[in-house]
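Okay, so here's the structure we're looking at.
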Amino acid sequence: MARYGMVIDTRKCVGCYACRVSCQMQNELPVEESYIKFYEKETGVFPNVKNEIIPVQCQHCEDAPCVSVCPTKATYTTKEGIVLVDSDKCIGCKYCMVACHYGARTQDHNTGVVEKCRFCAELVAEGKQPACVSTCISNARIFGDLDDPNSEVSKAIIKMNAQPLRPDLGKAKIYYVR
Amino acid sequence: MVDTKLSRRGFIKASAATAALASAGTVGFNEWSNQYVKAGANADIKEIPSTCNACSSKCGMIGHVKNGRLWKLTGHPDHPYSKGKLCARGHGYATVVYSQDRLTQPLKRVGEKKFEPITWEQAYKEIAEKLNKIIKEYGPQSVALTEDPRASGKFYSPRFINALGSSNYYTHHVVCSNSRDSGFLHTVGVSSTSADISNAKYIMFIGRSYGDGIRPSSVQALAAAKDNGAKIVIVDPRLNNTGNLATEWLAIRPGTDLALVLVMSHVLIKENLHDMEFIKNYTVGFEEYAKELKKYTPEWAEKITGISADSITRIAIDMGKAKPKALIEQSWRGAFGCNYENSTETGRSVAMFNALLGNYQQKGGSIFGGKPNLGNLNESIHPNPKEPEAPKAGKKEFPLAYHSHGVATIVAKEALEGKMKAAIYYHSNAALGYGNPKVMKEALSKMDLVVAIDVQMSETAQLAHYVLPEVTYIERDEVIEGLSGKIPGIALRQQMVEKVHPETKPIHEIYSELAKVCGVGQYFNFSLDELNEAMLAPTGITYKQLRDIGTIMFQNEEITLGEMPKLKTPSGKVEFYSETYKDAGFKPIVEWIEPKVSPADDSFRLITGKQAIHSHTQTANIPILMQITKDYDLERIWINPVRAKALGIKDGDMVELKSSEATSRIRVKITERIHPEAIFVPSHYGITSKDLKIGQGIGFGYMEHVPFDFEKWSGAGNIHEVIVKVRKVKS
Ligand code: SF4
Ligand code: SF4
Ligand code: SF4
């Protein structure tokens, strides 16, 4: 059984927003709703400066707090570890939004349904990559099976010592190289 | 398999009846969108290969069309620029097809900023009458055509203006690459080379940012070079977004890149690290050049550039040691694009520096690409209007300018002088983007006839007498695009969805029909398909094959590296000494030239550049892209904290920015990523057209602050020769 995860190498990310826009189109999101947010971290003093861009989306936490607080079980984790929302069951109570440490969830203004990055589950089911990964212009994103030690993503995690964004907040399935 | 109930907005939305749309054919926007909402389940998804139009790169892409409506895009895996990926603009700009602000029918100006819809017949008739009258009265050279060229435009636009008897064909390069083009052309015989980035060991970028002015394959190549341990140096007054991929940032004083390159060249020769073999075989004038360079010492350059003599020497030596897998990237715009009075000389010095490294046509170096061998129309049946003998306007003033692109702003200058009487602008927002908008506006209003062909009511369209609505690139087929490079190839832009607005037309139809009414229809007596078939003939590829695949690369025509071609310079070699320059009244050997203006202690140089999500001003009205600007306040100006503090300015403050030309109000981003002498403003904002509701009023247009001025060598706009003062104001 696959367990899906991703590496984001911020040393390669140029902050081009291609992942955000392709995600919005893939998921037919309204323009002001996005599953990917960007944080910038500037360090140093001119002219010795470094700038890091950190794309953040749902981290597909193991033991996800958004899953445990959901009163209707609308948010659930698939066997492959992808955290999804069943829009038919979601009552828009926003408990999950409060529970998520990463601010990864957004509510649809029209339907009230809360959504977030879904690892493009239907593309993955077809053996394709999530939209953000396939369009990343610098190959800063790698996606695949964390349980397969030979997958590109597993090898990248080992090779680059990738870590969850906030290991203190529990295990996640997106690993960052910084 | 993924175990999941695929509950997802997209799939839910598209779940109802589907037939309506499929049979809808050509309908109006409102009707169209209503039907789309009603349309539904069993989404019928088609994948159509085509090419992007969101910037000049024209990457190959695949449109995913769901129930007849464009759903999403992916990068074409075979296309050399996309390599399977698209940038944010590429994804987002495509939504222009469904923009509420599109032009939907021909318009005629009936008063200041007042237009009324007319039929195509009336538009053609009146435009043709006026054009012919102007040509009769003032001669064909009083008419000009300017565009930001794409595949069809590149073929039809010059043909159209030449058919009218005028040689005045221009491109947007006047604010893009004119300087670089001239500098390169007269040194290595081509206006641009390409760079073998992924194989390079040492790469220097001057004022060019792959992460901001994106072409997906270039970023992929740079990331690969980084993985391979290449040294990547960014020379830029601001730490641009390629910074993450770089090993070093040289925060150079704006306008002094030329000094840096001259000195690095000197160091290379002094340290005996230049490629003597290459120089002997493939260059002329080396002795004089080397002698002249002696006066440029690292200490001299340190004072001018603000980069330490040690760093300059170290980098030059390291590049020399890494040769021929070392290069200064050829750039587009940036430092040796079009920005300073000395930019052509910078371009020239870069082409020469690469020659010193002997990197031409070498793995990891600068590449002269090969072109695909495409066919032509049979001239005996389809006569081709030759470019008229009369010199293109601007040729006399700027003899070094790259002829094919010309100096587009000369049209405005000659209009102000009463010489240019008519101008056609296709896919070009010259009034906002090419020169000071006030001057451009005055110039356009002096002309007897201005025609704008566009998909939206740009600032230029607002100043036109006639506005002709084109279909978007999502709704049209185009002329085959030849791809030159290490491996040549071809790509096709083809229609993905039915026309949304019935009264819009593709450009080839507009030119062909207008030509007929103008009385020069004989030059347009073929269909687009006939033209494309003729172009394909020598390749052995059928039109159907190309339509099915979209991009075809000719792998067996890959150029051989290590073999220098004969160059198209007068000597056939790299010219360290240029008779052409001499004949044109310039120094035959490259030399240091001061920027035209410099800031004082209480002022700044205003510099501009790209952001990854926008192209010129054409994307400013695209909601999905402009939302990113809003979410991250990307329209702000960048100021260094030391300078900001002295002026009492805090991050996010509103300031007034004042130059000799204009005053703007804008909020501030305080960042260590900018040279204290400069203020950076992204180049995509300042939309004033009230018909572009999304973009209007966001940020300011930097061109408002740019004097209407030409760089002496190439005619490029001196768009970085601007001094501004800022002061805090209440928001
Ligand atoms: S990141 Fe937030 S939304 Fe995603 S699984 Fe974790 S808690 Fe849930
Ligand atoms: S597409 Fe890749 S490089 Fe661009 S912002 Fe997203 S992660 Fe970064
Ligand atoms: S670089 Fe981006 S905008 Fe330009 S053609 Fe390619 S995908 Fe389109």
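The values are calculated or read from the model by the stated rules, or taken from the named source; none is laboratory data. Nothing here was measured: the structure is a model prediction, and the numbers come from that model. As a convention, Cβ positions derive from the backbone with ideal geometry for all residues, glycine included, and neighbour counts pool all protein chains shown. Ligands, DNA and RNA are excluded from the accessible area calculation, which covers all protein heavy atoms including side chains. Shrake-Rupley method; radii C 1.70, N 1.55, O 1.52, S 1.80 Å.
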Worksheet item: In debye, nearest 20: dipole of region B:258-303 around its Cα centre with unit charges on the Cβ of K, R (+) and D, E (-)?
Response: 140 debye
Practice prompt. Considering only DSSP beta bridges where both residues belong to the protein assembly as shown, give the percentage that are antiparallel (nearest 5).
Written response: 60 percent
Discussion item. For region B:445-569, what does the convex hull of the Cα positions come to per residue, in cubic angstrom?
Written reply: 197 Å³
Worksheet item: When DSSP beta bridges are limited to those with both residues in region B:436-509, what percentage is antiparallel, rounded to the nearest 5?
Response: 40 percent
Worksheet, complete the sentence: For residue B:582, the accessible surface traced by a 1.4 Å probe with all protein chains present amounts, in square angstrom to the nearest 10, to 100 Å²
Fill in: the protein assembly as shown, Rg to Rh (Cα coordinates; Rh as Kirkwood inverse mean 1/r)
0.96
Item to complete: Round to a whole angstrom and tell me the spacing of the C-alpha centers of region A:127-161 and region B:519-541.
Response: 46 Å
Discussion item. Suppose accessible area is computed on protein heavy atoms with a 1.4 Å probe; arrange B:669, B:419, B:323 from highest to lowest.
Written reply: B:419, B:323, B:669
Fill in: Coarse-grained scattering of chain B at q = 0.05, 0.06, 0.10 Å⁻¹, given as base-10 log I(q)/I(0) from a Debye sum over alpha-carbon atoms
-0.24, -0.35, -1.03
Worksheet item: Per residue, how much accessible area does region A:91-141 show when a 1.4 Å probe rolls over the protein heavy atoms, in square angstrom?
Response: 39 Å²
Response to the item:
Set A:173/B:650; A:50/B:294; B:58/B:363; A:37/B:72, cut-off 31 Å on Cα-Cα distance; pairs above it are A:173/B:650; A:50/B:294
Response to the item:
Within chain A, cysteines having no neighbouring cysteine beta carbon under 4.7 Å are A:13, A:16, A:23, A:61, A:70, A:90, A:93, A:100, A:120, A:136
Response to the item:
The ratio Rg/Rh over the Cα atoms of region B:49-109, Rh being the Kirkwood inverse mean 1/r radius, stands at 1.07
Item to complete: Return the Rg/Rh value of chain A, two decimal places, where both radii are evaluated on C-alpha atoms and Rh is the Kirkwood radius.
Response: 0.96
Worksheet item: Which parts of region A:61-90, residue by residue, lose 50 Å² or more of accessible area when the rest of the protein chains are there, as against the chain isolated (1.4 Å probe)?
Response: A:80
Practice prompt. Apply the Kirkwood formula to region B:180-224: the hydrodynamic radius equals the inverse of the mean of 1/r over all pairs of different alpha-carbon atoms; give it in Å with one decimal.
Written response: 11.8 Å
Worksheet entry | Computed [θ] at 222 nm, deg cm²/dmol, the protein assembly as shown (DSSP H ≥ 4; -39,500 (n - 2.57); rounded to nearest 500) | -8000 deg cm²/dmol
Discussion item. In whole Hz and in residue order, list the ³J(HN,Hα) couplings for region B:175-184 that follow from phi through the Karplus curve 6.51 cos²θ - 1.76 cosθ + 1.60, θ = phi - 60°; x for Gly and Pro.
Written reply: 10, 10, 10, 3, 5, 4, 4, 5, x, 5
Practice prompt. Compare B:79, B:465 by solvent-accessible area with a 1.4 Å probe and give them largest first, with all protein chains kept in place.
Written response: B:465, B:79
Item to complete: In whole Hz, with x marking every Gly and Pro, tabulate ³J(HN,Hα) for region B:691-696 from phi via Karplus 6.51 cos²θ - 1.76 cosθ + 1.60, θ = phi - 60°.
Response: 7, 10, 5, 6, x, 4
Discussion item. If I compute solvent accessible area with a 1.4 Å probe over the protein chains, what percent of it on the protein assembly as shown is carbon and sulfur?
Written reply: 51 percent
Fill in: Among A:101, B:492, B:51 the positive-end extreme of the charge dipole of the protein assembly as shown (Cβ point charges)
A:101
Response to the item:
In short, region B:605-621 residues buried by 10 Å² or more of accessible area relative to the isolated chain (1.4 Å probe) are B:612, B:613
Item to complete: Using every Cα-Cα pair within region A:91-178, state what percent have a distance larger than 22 Å.
Response: 40 percent
Fill in: Accessible surface, chain B, averaged per residue in Å² (probe 1.4 Å)
35 Å²
Discussion item. Counting protein heavy atoms only and a 1.4 angstrom probe, how many square angstrom of accessible surface do chains A and B bury in total, to the nearest 100?
Written reply: 4900 Å²
Worksheet item: Which of the residue pairs B:303/B:645; A:12/B:544; A:171/B:645 have a Cα-Cα distance greater than 31 Å in the structure shown?
Response: A:12/B:544; A:171/B:645
Item to complete: Return the long-range amide H neighbours of residue B:457 (sequence gap of 5 or more, or a different chain), with a cut-off of under 5 Å between placed amide H atoms.
Response: B:103
Practice prompt. Mind grabbing the base-10 log of I(q)/I(0) for region B:610-695 at q = 0.19, 0.23, 0.24 Å⁻¹? Debye formula, identical points on the C-alpha positions, no solvent, two decimal places.
Written response: -0.91, -1.18, -1.24
Worksheet entry | List of region B:670-701 residues, accessible area with partners at least 30 Å² below that of the chain alone (1.4 Å probe) | B:672, B:673
Worksheet item: Across peptide B:261-274, how many C-beta atoms of other chains are within 10 Å of each residue C-beta, on average?
Response: 0
Fill in: DSSP bridge pairs, chain B: antiparallel proportion in percent, nearest 5
50 percent
Worksheet item: What accessible surface, in Å², does a 1.4 Å probe find on residue B:328, ignoring ligands, DNA and RNA and rounding to the nearest 10?
Response: 0 Å²
Discussion item. Just to verify a number: FRET efficiency for residue B:658 and residue A:52, C-beta to C-beta distance, R0 = 51 Å, to 0.05?
Written reply: 0.90
